[in-house]
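Report on the structure given below.
The values are calculated or read from the model by the stated rules, or taken from the named source; none is laboratory data. Computed from a predicted structure; not experimentally measured. Counting neighbours? That spans all protein chains shown, and the Cβs are built from the backbone with ideal geometry, glycine included. When the accessible area is computed, the model is the full protein with side chains, heavy atoms only, and any ligands, DNA or RNA have been set aside. Shrake-Rupley method; radii C 1.70, N 1.55, O 1.52, S 1.80 Å.
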Amino acid sequence: MILNLGNLPRTIWVEKSGGASVAGFVDQRRLPGELVLVRTADWREMVDAVKTLAVRGAPAIGVAGAAAVMLAAFEYAERPDFDDRLEKAARVIAEARPTAVNLSWGVRRAQEAAREASTAGKTAAETAEALYELAEALIAEDEAVNRRIGAHGTALLRALAETGAVGRPLNILTHCNAGSLATAFYGTALGVVYAAAQEGLVNRVFADETRPVNQGARLTVWELARAGVPVTLQCDDMAPSLMAEGQVDAVIVGADRIAANGDAANKVGTLGLAIMARHFQIPFYVAAPKSTIDCTTKSGSAIPIEERDPAEVLAEPIPGVAVRNPAFDVTPYDLITAIITEDGIWKPLKP
Ligand code: MRU
């Protein structure tokens, strides 16, 4: 299959514009209708972008976190209390969303770089420049990591498509958007799809719409169609019958945080797919960078689950009706066939 990955935008970047250092991002709230590119020099706007899902997906918000700390460093570079202000901004940025551990990882990488610059006797302005370089490096690193995840995932899919039970190009089911839009570029779960599709191993992707925010219906189908991968959109509750009809050869999803025991938090609805996949004996893969693995969290039950605005579920409140809106759920490790990282299959220390 010939793909057109050049048709996909960079999700997040940094640039020098009129002498200022700015961060740029695709405003994912506007997709699929409009491809809107936003540029900002204000770290608070980055925080708002993360909270409102203009920038979303674990690796993308990790990079956004580091870029936001960089913007704060430029803003406070002339202040005598630079260190304090940077520290406070970093705390606010890291708390923008609780579940994806990549956000605090990106902020921590920036804080470490700032401390290193200060220890080396750099001025605040020089520290800000060092953070700019770090943000550029993290963006490049993210794409490189995703391409390696893609290569490792392709080896697994090749075994299924060529030598395993399936013996033909695969039909793959995915949930939410763990694609190029959820990363700096290329994607994790969809990175595996892109790499495998280029090797002729993919027949079609089925994308769950992913209620309530519809990342599948708005983002996944948009990017797959733009890249040239055959894609079919379905409502979330159509997955079991599709599996029962034998139309799903593998499920591949991303993750927001993987605990030390291998339990994986991902978009709400993922757990149900994993249970169904086990019932129908379909391989269930999680594709994620090592920055998503949080060995300080022992098991899935300790992963903080973000509860979002009920209005995402029910636009007009109905008197007397309570609404739940947990944005993520946790899939126990024993339902996961393999966790695919940039270094290959990751095994938990204590399953
Ligand atoms: O709420 P979102 O859209 O940020 O949720 C995103 C997901 O759950 C993705 O599957 C996950 O971050 C992996 S992205 C490579």
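Please identify the DSSP H helices in the chain that span no less than 20 Å along the helix axis (Cα) and have a mean Kyte-Doolittle hydropathy of 1.0 or more. Before the final figure, lay out each step's value.
On the way: long enough: 58-76 (27 Å, 1.51); 101-119 (27 Å, -0.62); 124-158 (50 Å, 0.06).
Both cut-offs are met by 58-76.
Could you look at the range 224-350 and say what percent of its accessible area is carbon and sulfur, using a 1.4 Å probe and all protein chains?
Carbon and sulfur atoms account for 57 percent of the accessible area of the range 224-350.
Considering only lysines 8 or more places apart in sequence, or on different chains, count the pairs in the chain whose C-alpha atoms sit under 22 Å apart.
Going through the chain pair by pair, I get 12.
Would you rank 85, 79 by solvent-accessible area, highest first, keeping every protein chain in place and using a 1.4 Å probe?
Putting 85, 79 in descending order of accessible area: 79, 85.
So if I place +1 on the C-beta of Lys and Arg and -1 on the C-beta of Asp and Glu, and nothing else carries charge, what would the dipole magnitude of the chain be about its Cα centre? I want it in debye, nearest 20.
So the magnitude is around 480 debye.
Just the accessible area per residue of the range 192-256, please: how many Å² with a 1.4 Å probe?
Numbers: 2050 Å² over 65 residues.
Each residue of the range 192-256 exposes 32 Å² on average to a 1.4 Å probe.
Which of the GluC sites (Glu not before Pro) found in the range 1-87 are loop residues per DSSP with 11 or fewer other Cβ atoms within 10 Å of their Cβ?
Here the sparse-neighbourhood loop sites are 34, 78.
Out of residues 5 or more away from residue 28 or on other chains, whose amide H comes under 5 Å of its own, with H placed 1.01 Å from N in the peptide plane?
55
I'd like to check one number: the per residue accessible area of the range 60-151, probe 1.4 Å, reported in Å² as a whole number.
44
Classify the range 167-270 from the C-alpha gyration tensor, please: rounded if a/c falls under 1.5, else prolate or oblate depending on whether a/b exceeds b/c.
It comes out rounded by the Cα gyration axes.
In the range 121-164, carbon and sulfur make up what percent of the accessible area (probe 1.4 Å)?
Carbon plus sulfur share of accessible area: 56 percent.
Relative contact order for the chain: what is it in percent, counting Cα pairs under 8 Å that are at least 6 residues apart?
Values: 756 pairs, mean separation 60.1, N = 351.
Relative CO of the chain lands at 17 percent.
Return the percentage of antiparallel bridges among DSSP beta bridges fully within the chain, rounded to the nearest 5 %.
If we restrict to bridges inside the chain, about 50 percent are antiparallel.
Of 176, 246, 61, which is farthest along the charge dipole of the chain in the positive direction, counting Lys and Arg as +1 and Asp and Glu as -1 at C-beta?
About the Cα centre, the residue reaching furthest to the positive side is 246.
Between the range 106-125 and the range 219-288, what's the alpha-carbon centroid distance in Å?
Centre-to-centre distance over Cα atoms comes out at 39 Å.
Counting only protein chains, not ligands or nucleic acids, how are 176, 295, 235 ordered by accessible area (probe 1.4 Å), most first?
Heavy-atom accessible area, descending, gives 295, 235, 176.
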